[in-house]
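Asker: Here you go, one structure.
The values are calculated or read from the model by the stated rules, or taken from the named source; none is laboratory data. All values reported here derive from a predicted model rather than from experimental measurement. Backbone-built Cβ (ideal geometry, glycine too); neighbour counts: all protein chains shown. Side chains are part of the model used for accessible areas, which takes the heavy atoms of the whole protein and leaves out ligands, DNA and RNA. Shrake-Rupley method; radii C 1.70, N 1.55, O 1.52, S 1.80 Å.
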Amino acid sequence: MTKNIQFRNYLKTGDLGKIIQAQALLYKEEYGYPMPFEGYLCTVMAEFYAHFDDKKDGVWICESEGQMVGFIALMHRPNDAAQLRLFYLDKAFRGKGLGQQMMTFWLQHCRDKQFKFAYLWTSADQIEAVALYKKFGFQLVEEKETMTFGKVAIEQKFELKF
């Protein structure tokens, strides 16, 4: 396991901007996502924060040497649903089990808060993330072509029933 890794489950000033920046830069580098993707992230983060309810929602932040290297959020939705949002892991920290740890925290929170099902939207080019979601029992239920991220992509919806 990587040394000096800590997890926290609360937001601090600056976290929202850091996750937007980190994801925008990573997705540009790895997948060629243009500037509209950063705007999309801003919209998602604004919605998440505007509706954040600490009795239902959650965040799990992975840090190394005091720097954010991973992030995952849970946003409550109607009908006792939980949506996985903004999952990110710095590429230097992949393959060390940290994504699995964040997913475990996320799913335990779902169970603790008695959500009936969970879902997430991702893109088909997120091969490693999709494999992780499937490992945790999520099943592909929908696919569609989109320009939401500023380029043509295949969006995929995965669900997990509890």
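Asker: Count neighbours as other Cβ atoms within 10 Å of each site's Cβ, and list the GluC sites (Glu not before Pro) in segment 17-77 that are DSSP loop with at most 11 such neighbours.
Answerer: Of the GluC sites (Glu not before Pro), the ones in loops of segment 17-77 whose Cβ has at most 11 other Cβ atoms within 10 Å are Glu65.
Asker: While we're here: Just flag the trypsin sites (Lys or Arg not before Pro) in segment 1-39 sitting in loop per DSSP whose Cβ has no more than 10 other Cβ atoms within 10 Å.
Answerer: Lys3, Lys12
Asker: Which of Met45, Met102, Met147 moves the most in a Gaussian network model of the chain with Cα springs under 10 Å?
Answerer: Maximum fluctuation in the GNM of the chain, among the listed residues, is at Met147.
Asker: Please calculate how many Å² of accessible area the chain carries per residue, with a 1.4 Å probe and no DNA, RNA or ligand atoms counted.
Answerer: 54 Å²
Asker: Got the relative contact order for segment 38-94 handy, in percent, Cα pairs under 8 Å and 6 or more residues apart?
Answerer: Reported as a whole number, the value is 24 percent.
Asker: Between Val141 and Lys55, what length comes free when the chain is fully extended (0.36 nm per residue of separation minus the Cα-Cα distance, one decimal in nm)?
Answerer: Length difference between fully extended and current span is 28.1 nm.
Asker: Please work out how much length the chain gains when fully extended from Thr148 to Glu63, using 0.36 nm per residue of separation minus the C-alpha to C-alpha distance, in nm with one decimal.
Answerer: Value of the extension gain: 27.7 nm.
Asker: A follow-up question, please. Label Arg77 and Glu128 with points 7 Å out from Cα along Cα→Cβ: what is the distance between them in nm?
Answerer: It is 2.5 nm.
Asker: Can you tell me the length gained on complete extension of the stretch Phe162 to Lys28, counting 0.36 nm per residue apart and subtracting the Cα distance?
Answerer: Between Phe162 and Lys28, full extension yields an extra 44.8 nm.
Asker: Considering the alpha-carbon set of the chain alone, what are its Rg and its Dmax in angstrom?
Answerer: Rg and Dmax of the chain, Cα atoms, are 15.0, 40 Å.
Asker: If I compute solvent accessible area with a 1.4 Å probe over the protein chains, what percent of it on segment 26-162 is carbon and sulfur?
Answerer: Using a 1.4 Å probe with all protein chains present, segment 26-162 comes out at 50 percent carbon and sulfur.
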